[in-house]
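Engineer: Take this structure, written in structure tokens, and hold onto it; I'll ask about it next.
The values are calculated or read from the model by the stated rules, or taken from the named source; none is laboratory data. Note that this is a predicted model, so its numbers are computed, not measured. So basically every Cβ, Gly included, is an ideal-geometry build from the backbone, and we count neighbours across all protein chains shown.
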Amino acid sequence: MKVAIVGVGMETDKTLTAEARKAIDDAELLIGAGRLTGGFSGVKPCISAWSPDDVTKVLADAECERAAVLMSGDVGFYSGTKKLLPLVRSLPNVSECRLICGISSPVYLAAAAGVPWERMKLVSLHGLDGNIAVNVKLNEFTFFLLGGSVTPSVLCERLCECGLSETLVTVGARLGYPDERIISGRAHEIVGQEFDKLCSAIVENSGHLAYVPSGIPDERFERSTVPMTKSEVRAAAVSKLNICSGSVCWDIGSGSGSVSVEMAYKCPDGSVYAVEHKPEAAKLTAVNARKFACDNIHVAEGPAPETLADLPAPDKVFIGGSSGRLKEIVGIIRDKNPNADIIVTAVSLETLTEAAEILGGTITQIAVTRTKKIGTHTMLSALNPVFIISDK
């Protein structure tokens, strides 16, 4: 049997490509969700199935020479094809399985909005509560595949909370259907509006960051008496962690949240868990997370190591404060992920000695001297030396 997995676009007639139409015409059996096969019922045998396991079972029992599996949008964009393809190719009765691409929702909506999509960040929130504001902050155009609890109104509420209320949002609901609805407006104008659950959105941020911030000036953060890891030390320490886009990071002893923010910009598809036992500091971390539009920062108020037990396993860990419980904290990190990268900063020789003994990696000492104006003269002002201890 020859099988074609076909992307049918937004709707099975309006956005169907010529190649997809031929594959459907040639097929003796059509398989897919009812809304996709419905237009062909009565013309060809159709079986309603959409999960990879169910589709595979139908194909395993099918007695025909050609079959087509219909997929919404494009087979390569958040499609069930990813799981289905290896299952179909493993069937003994299948001699060929090919993919036929379709028109995906970001391409369709971008055309309707009149915006380019070649540099657009694609984010799926279908059934998830993912990172919204941080991706909009870092990209001129961000496409969101919506669904579940994240409606266009919820998305725009998040943008407004993070200082992005003037971003331009284009919402497309029931794309390709006769009752298709596409509207554009500022984020604050979309809040409260209702749309069908089958929708997506493009957010345009003309004021997006054109770079990933590192060593953000100290004065840009909201401050109090809560200690802060200074800009130069922060840049060096975070860079040593080699944070990936999807990393799960821990910032233990987050203080003002400055390290959490720089971690968050480096993992827009991941998460940062800012652990802080002082209520004032935990609140300040949350304030700075919103100020810098880092909605991938999750503040966990409470003492370490107790608070760490319920957090997901980390990939990257920064420890700026341990309250004398460094060994216990590192033990929990190692239990959750033996391969996690750990960085500890120390300003005292006692903490340096303890961290070096526990981590057994490399030690870097940073002595920062800044200039300041006194009258007509420029004077040097030294900051306290800081040790950066790595487990690598």
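Engineer: Filter segment 378-392 down to the residues that are surrounded by 12 or more Cβ atoms within 10 Å (Cβ to Cβ) and in a strand (DSSP E or B), then identify the one that is nearest to the chain's Cα centre (by Cα).
Structural biologist: Ser390
Engineer: List every residue pair whose Cβ atoms lie under 9 Å apart, where the two residues are 6 or more positions apart in sequence or sit on different chains, the first residue falls within segment 223-246 and is more than 18 Å from Gly321 (Cβ to Cβ) and without any contact (Cβ under 8 Å) to a residue 40 or more places away in the chain, and the second residue, located anywhere, is part of a loop (DSSP other than H, G, I, E, B) and among the polar types (S, T, N, Q).
Structural biologist: Ala235/Ser214; Ser239/Ser214
Engineer: Checking the condition over 29 Å from Val287 (Cβ atoms), loosely packed, with under 13 Cβ neighbours inside 10 Å and assigned by TED's automatic domain parsing to the domain that holds Glu280, which residue from Gly375, Gly361, Gly324 passes?
Structural biologist: Being over 29 Å from Val287 (Cβ atoms), loosely packed, with under 13 Cβ neighbours inside 10 Å and assigned by TED's automatic domain parsing to the domain that holds Glu280 holds for just one of Gly375, Gly361, Gly324, which is Gly375.
Engineer: Search segment 72-98 for residues being crowded, with 17+ Cβ neighbours inside 10 Å and in a strand (DSSP E or B), and hand back the single one that is nearest to the chain's Cα centre (by Cα).
Structural biologist: Gly73
Engineer: Further, regarding this structure: In segment 25-49, what count of residues is obtained for those that are in a helix (DSSP H, G or I), surrounded by 13 or more Cβ atoms within 10 Å (Cβ to Cβ) and within 32 Å of the chain's Cα centre (by Cα)?
Structural biologist: The qualifying residues number 2.
Engineer: Being within 26 Å of Leu122 (Cβ to Cβ) and either under 17 Å from the mean Cα position of the chain (by Cα) or touching a residue at least 24 places away in the same chain (Cβ under 8 Å) (or both) narrows it down to one of Val287, Val272, so name that one.
Structural biologist: Exactly one residue qualifies, and that residue is Val272.
Engineer: Being part of a helix (DSSP H, G or I) and within 21 Å of the chain's Cα centre (by Cα) is the filter here, so list the residues in segment 110-138 that pass it.
Structural biologist: Ala110, Ala133, Val134, Asn135, Val136, Lys137, Leu138
Engineer: Name the strands (runs of 3 or more DSSP E) wholly within segment 139-207 that hold at least 3 residues that are among the β-branched types (Val, Ile, Thr) and assigned by TED's automatic domain parsing to the domain that holds Glu118?
Structural biologist: Where strands (runs of 3 or more DSSP E) fall fully within segment 139-207 and carry at least 3 residues being among the β-branched types (Val, Ile, Thr) and assigned by TED's automatic domain parsing to the domain that holds Glu118, they are 168-173.
Rundown of residues vs (1) buried (at least 17 other Cβ atoms within 10 Å of the Cβ); (2) under 22 Å from His126 (Cβ atoms); (3) among the aliphatic types (A, V, I, L, M), yes/no style:
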site: Val191; (1), (2), (3): yes, yes, yes
site: Cys199; (1), (2), (3): yes, yes, no
site: Ser206; (1), (2), (3): no, no, no
site: Val212; (1), (2), (3): no, no, yes
site: Gly215; (1), (2), (3): no, no, no
site: Arg220; (1), (2), (3): no, no, no
site: Thr225; (1), (2), (3): no, no, no
site: Met228; (1), (2), (3): yes, no, yes
site: Glu232; (1), (2), (3): yes, no, no
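Engineer: Please find, among Cys244, Cys249, the residue that is surrounded by 17 or more Cβ atoms within 10 Å (Cβ to Cβ) and either modelled with pLDDT of 95 or more or closer than 25 Å to Lys278 by Cα (or both).
Structural biologist: Cys249
The rows are residues; the columns are (1) modelled with pLDDT under 90; (2) within 21 Å of Asp315 (Cα to Cα); (3) of a type in the set (Gly, Ala, Ser).
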| site | (1), (2), (3) |
| --- | --- |
| Leu349 | no, no, no |
| Glu354 | no, no, no |
| Ile363 | no, yes, no |
| His377 | no, no, no |
| Leu383 | yes, no, no |
| Ile388 | no, yes, no |
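Engineer: Right, next: So which of Val212, Val191, Val203 ends up being over 20 Å from the mean Cα position of the chain (by Cα), more than 24 Å from Lys14 (Cβ to Cβ) and among the aliphatic types (A, V, I, L, M)?
Structural biologist: Criteria check complete, one pass: Val191.
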